[in-house]
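Undergrad: Below is a structure I'd like to ask you about.
The values are calculated or read from the model by the stated rules, or taken from the named source; none is laboratory data. Because the structure is a prediction, the values reported are computed rather than measured. Here Cβ is always computed from backbone atoms with ideal geometry, including for glycine, and neighbour counts include all displayed protein chains.
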Amino acid sequence: MRLNTFSLKHVQLDRGGGSVDLSGDTKIKISGLDTITSSSDVDHYNVYLYTLTQFPKNVTWVLGASGDWYHSPDYLDDNNSTEIWLTVESHPGDGPCGRRHSDIQADAPDQCNA
């Protein structure tokens, strides 16, 4: 499930999550042998929240957090993880006059009209 919960001109906030609960028995009948029964009880949950910000116009910032929880009696330890991250990406070509920042000479007063 993904929900866009908040959006402004330069900021977007997204959140979502999900859950799975699997329980039951699996029976396998092998000719000439006994029936093998396997029981399962698995719980899995995850949530996330992140912001996508464009400021200034040529830089995208993503700040997020997520959690993932997995439980099964077949494992000695539950598998749980949480994380927080920040990603920054520059978009060359969004500099002055639509040129890459590296293509603009610092000492030229007005390169847009050149």
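Undergrad: For region 64-77, state whether one or more residues are in contact with an Asp or Glu (Cβ under 9 Å, 6 or more places away or on another chain), modelled with pLDDT under 80 and acidic (D, E). Full working, then the answer.
TA: Step one: of region 64-77, the residues in contact with an Asp or Glu (Cβ under 9 Å, 6 or more places away or on another chain) are 64-74.
Add one more test, that the residue is modelled with pLDDT under 80, and what stays is 73-74.
Those still in the list that are acidic (D, E) too: 74.
Yes: region 64-77 contains one or more residues that are in contact with an Asp or Glu (Cβ under 9 Å, 6 or more places away or on another chain), modelled with pLDDT under 80 and acidic (D, E).
Undergrad: Continuing with the same structure: Does S39 satisfy the condition of being loosely packed, with under 15 Cβ neighbours inside 10 Å and more than 22 Å from the chain's Cα centre (by Cα)?
TA: Numbers: loosely packed, with under 15 Cβ neighbours inside 10 Å: yes; more than 22 Å from the chain's Cα centre (by Cα): yes.
Spelling it out, S39 is indeed loosely packed, with under 15 Cβ neighbours inside 10 Å and more than 22 Å from the chain's Cα centre (by Cα).
Undergrad: So L86 passes all but one of these: (1) surrounded by 14 or more Cβ atoms within 10 Å (Cβ to Cβ); (2) at pLDDT 70 or above; (3) not small (G, A, S). Which condition number does it fail?
TA: Every listed condition holds for L86 apart from (1).
Undergrad: When region 12-58 is examined, which residues are found to be hydroxyl-bearing (S, T, Y), within 17 Å of W69 (Cα to Cα) and at pLDDT below 85? Step through it out loud before you land on a result.
TA: Step one: list which residues in region 12-58 are hydroxyl-bearing (S, T, Y), which gives 19, 23, 26, 31, 35, 37-40, 45, 48, 50-51, 53.
So of that shortlist, the ones also within 17 Å of W69 (Cα to Cα) come out as 19, 23, 40, 45, 48.
Result: S23, S40.
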